[in-house]
Amino acid sequence: MTVNLYLFISLLQAAAEIRLFDELPAKVVNRLLEQLSPAERQATAQLLGYEADTAGRIMTLELISLKENFTVSQALERICNLANASEMI
């Protein structure tokens, strides 16, 4: 496999990565998993552990949490500060 494929996989959001892995032969998926960082491999394995066509299989593992006593201004500030680190807003 080429470096370009590994780069492509690394740029996918988790849900898209899982959909792709569902379509590939297990042997190819295993080779791709070996190229992921330990954290990415763990997150991917967690999502692959859910049955196909379930919410768990397509959910994001990254989220932005807010305290219930935040004002709207505080909430928006936190969301803006963390937006680049989160898969989706």
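The values are calculated or read from the model by the stated rules, or taken from the named source; none is laboratory data. For clarity, every value in this text was computed on a predicted model and none was experimentally measured. Note that each Cβ is placed from the backbone with ideal geometry, even for glycine, and that neighbours are counted across all protein chains shown. The area values use the complete protein model at the heavy-atom level, side chains included, leaving out ligands, DNA and RNA. Shrake-Rupley method; radii C 1.70, N 1.55, O 1.52, S 1.80 Å.
Going by the conditions given, is T2 at pLDDT 80 or above and open to solvent by 60 Å² or more (accessible area, probe 1.4 Å)?
Criteria not met by T2.
For the list (1) open to solvent by 60 Å² or more (accessible area, probe 1.4 Å); (2) within 11 Å of the chain's Cα centre (by Cα), I need the number of the one condition that L47 fails.
It fails just one condition, (1).
T54: hydroxyl-bearing (S, T, Y) and under 10 Å from the mean Cα position of the chain (by Cα), yes or no?
Against the criterion (hydroxyl-bearing (S, T, Y) and under 10 Å from the mean Cα position of the chain (by Cα)), T54 does not qualify.
Give the residues of the stretch 29-55 that are assigned to a helix (DSSP H, G or I), without any contact (Cβ under 8 Å) to a residue 24 or more places away in the chain and not charged (D, E, K, R), sorted by residue number.
Of everything in the stretch 29-55, those that are assigned to a helix (DSSP H, G or I), without any contact (Cβ under 8 Å) to a residue 24 or more places away in the chain and not charged (D, E, K, R) turn out to be V29, N30, L33, P38, A39, Q42, A45, Q46, A55.
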